[in-house]
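Note sheet for the following structure.
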Amino acid sequence: MTQATWKGIVLADSDATVVVEGNHYFPPDSVQWEHLEANAKRSVCPWKGTASYYDVVVDGAVNRNAAWLYPRPTPAAAKIAGYVAFWRGVRVARQRPEGHRRRALPFPFRRHLTKASPLARRRGSP
């Protein structure tokens with residue numbers, strides 16, 4: 001599950017985000033629209049088209065232009081039509097399932113992290 005949060009409020013939550021140029025685009029049905037207010041800002045991307053921006057509003061606090069979408073993208077970006085992306089302090093992160101813990105890497109994969117390894121020496125370690 002990937003979540004977008006700001007000021008502790010979940011703005012979007014989905015397993016079906018589309019990643020384009022490092023940004024997670026959330027499907028429209030996964031977005032909490034009550035926290036988004038459309039504004040007049042627009043920008044143009046040569047290959048995606050014209051983006052429409054939204055202010056994120058949480059408990060009276062406003063994060064201007066922190067969300068955007070492409071309502072009518074170019075054919076090359078058709079898969080993100082209507083999908084919402086976030087920035088400007090909105091945290092977008094993958095959530096681990098309840099009870100999930102990271103496992104330590106097995107020994108061969110940790111070897112490069114020791115000070116004696118050639119990789120560590122190349123990076124300036126003693």
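The values are calculated or read from the model by the stated rules, or taken from the named source; none is laboratory data. Predicted model only: the values in this text are computed from it and were never measured. Cβ coordinates were reconstructed from backbone atoms using ideal geometry, including for glycine residues, and neighbour counts include every protein chain displayed.
Summary table
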quantity: Looking only at the stretch 1-56, and only at residues there that are aromatic (Phe, Trp, Tyr) and surrounded by 12 or more Cβ atoms within 10 Å (Cβ to Cβ), the one that is nearest to PRO71 (Cα to Cα); calculated: TYR53
quantity: Any hit, the stretch 19-31, residues being of a type in the set (D, E, K, R), at pLDDT 95 or above, in a loop (DSSP other than H, G, I, E, B) and more than 13 Å from the chain's Cα centre (by Cα); calculated: no
quantity: Which numbered condition ALA78 misses (of (1) of a type outside the set (Phe, Trp, Tyr); (2) free of Cβ contacts under 8 Å to residues at least 60 places away in the same chain; (3) closer than 15 Å to GLU37 by Cα); calculated: (3)
quantity: Scan of the stretch 58-75 for residues that are touching a residue at least 12 places away in the same chain (Cβ under 8 Å) and part of a loop (DSSP other than H, G, I, E, B), ordered by number; calculated: ASP59, PRO71, ARG72, PRO73, THR74
